[in-house]
């Protein structure tokens, strides 16, 4: 993971475990190194597992779960462990950990990395912890700005080249990018309703 991935994030003492609260976290997810900003605002119950939080972020951003991911929370790294893979011994298995147990009421921000090749780095800010109410007991996308880059576009630099080409009919790569993306692409477009339909489809 690149240095600065979690720069400026608050950390906690390694001897202190956060208290697992009951409630729903309001999270603000921003994709780093892209202008204009690509962001999503989410509600996620504290009982959701870390592996399911990854699926929530992906569904709301527009990723397709085609690559590995990793979280960095309070100086520790969490991800999917597999006995058949040669993985970093410091990576902690995410599957049985809830976000309430990891974030508690003290963690204010953490990192989420998707696709180790394209290196999409998200900063997740904990805006508030809401009491449980009738309307916030499931995963939801509340708001958004701008479309997610296509999968396998080549990271930040590849995305910038892609947008330049596909928005300019006179660009020499315009037709190739049009075919590759399957048609027109609107970098400012995102459908919150579609994101919530995807979340319901996943039954997370």
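What follows draws every value from the coordinates through simple rules; no lab data is involved. On a predicted model such as this, the values are computed, not experimentally measured, just so you know. Every residue, glycine as well, gets a Cβ built from its backbone with ideal geometry; the counts of neighbours run over all protein chains shown.
A few points about this structure:
- Among residues of the range 183-195, those that are free of Cβ contacts under 8 Å to residues at least 12 places away in the same chain and either closer than 14 Å to residue 163 by Cα or touching a helix residue (DSSP H, G or I) at 6+ places or on another chain (Cβ under 7 Å) (or both), counted: 1
- Selection within the range 141-153 - in contact with a helix residue (DSSP H, G or I) (Cβ under 7 Å, 6 or more places away or on another chain) and loosely packed, with under 15 Cβ neighbours inside 10 Å: 143
- Filter result for residue 159 (surrounded by 15 or more Cβ atoms within 10 Å (Cβ to Cβ), free of Cβ contacts under 8 Å to residues at least 60 places away in the same chain and either at negative phi or outside any loop (DSSP other than H, G, I, E, B) (or both)): no
- Scanning the range 100-140 for residues that are assigned to a loop (DSSP other than H, G, I, E, B) and either touching a helix residue (DSSP H, G or I) at 6+ places or on another chain (Cβ under 9 Å) or buried (at least 16 other Cβ atoms within 10 Å of the Cβ) (or both) returns 104, 107, 115, 117, 118, 119, 136, 138, 139.
- Filtered residue count, the range 173-191, keeping only those that are part of a helix (DSSP H, G or I) and surrounded by 10 or more Cβ atoms within 10 Å (Cβ to Cβ): 7
- Of the residues examined, residue 64 is one that is surrounded by fewer than 15 Cβ atoms within 10 Å (Cβ to Cβ) and under 15 Å from the mean Cα position of the chain (by Cα).
- Residues considered: 29, 44. Of these, the only one that is within 12 Å of the chain's Cα centre (by Cα) and either surrounded by 18 or more Cβ atoms within 10 Å (Cβ to Cβ) or not in a strand (DSSP E or B) (or both) is 29.
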